[in-house]
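J.: Structure in structure tokens, see below.
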Amino acid sequence: MSDTAQPATLQWTGQMANDVASSSGPATNTKLIATPAALELSGPLGTYRIPREQVVRLHRGQFYPWLFAGFRIRHQAAGLPHNLQFCPNETPSRAVLSALKGLGYPAA
């Protein structure tokens, strides 16, 4: 028998912000899906897929819009908003960053 283990997939619901706007409230259906290969942030502002090798750093978010409660996704992916942020609804950002670090992402 061969080991056919699937890569870990983690998912959180929350809110997102980009260079132009932010979503708010639990009904926005915003999700952050993480695999060892990529992050996918999707919600009412769009869907953004960032390959892991293009993620530069994950760290505490800016003052706007959630008073530092979310985290910023710094990346080098062409064609995506420069300023992407995510604020989880039910999980502390530090716990999400720790889980992402476990998948190999450069989380502070």
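J.: Largest first and in whole Å, give the semi-axes of the range 37-108's equivalent ellipsoid, each being the square root of 5 times a Cα gyration tensor eigenvalue.
T.: On the way: eigenvalues 59, 47, 25 Å².
Square roots of five times the eigenvalues give 17, 15, 11 Å.
J.: Same structure, new question: Need the full-extension length gain, Ala37 to Phe68, defined as separation in residues times 0.36 nm minus the C-alpha distance. One decimal, nm.
T.: On the way: separation 31, 0.36 × 31 = 11.16 nm, distance 2.67 nm.
Using 0.36 nm per residue and subtracting the Cα-Cα distance, I get 8.5 nm.
Quick note: the coordinates plus some simple rules give every number you see, no bench work behind them. Quantities reported herein were computed from a predicted structural model and do not represent experimental measurements.
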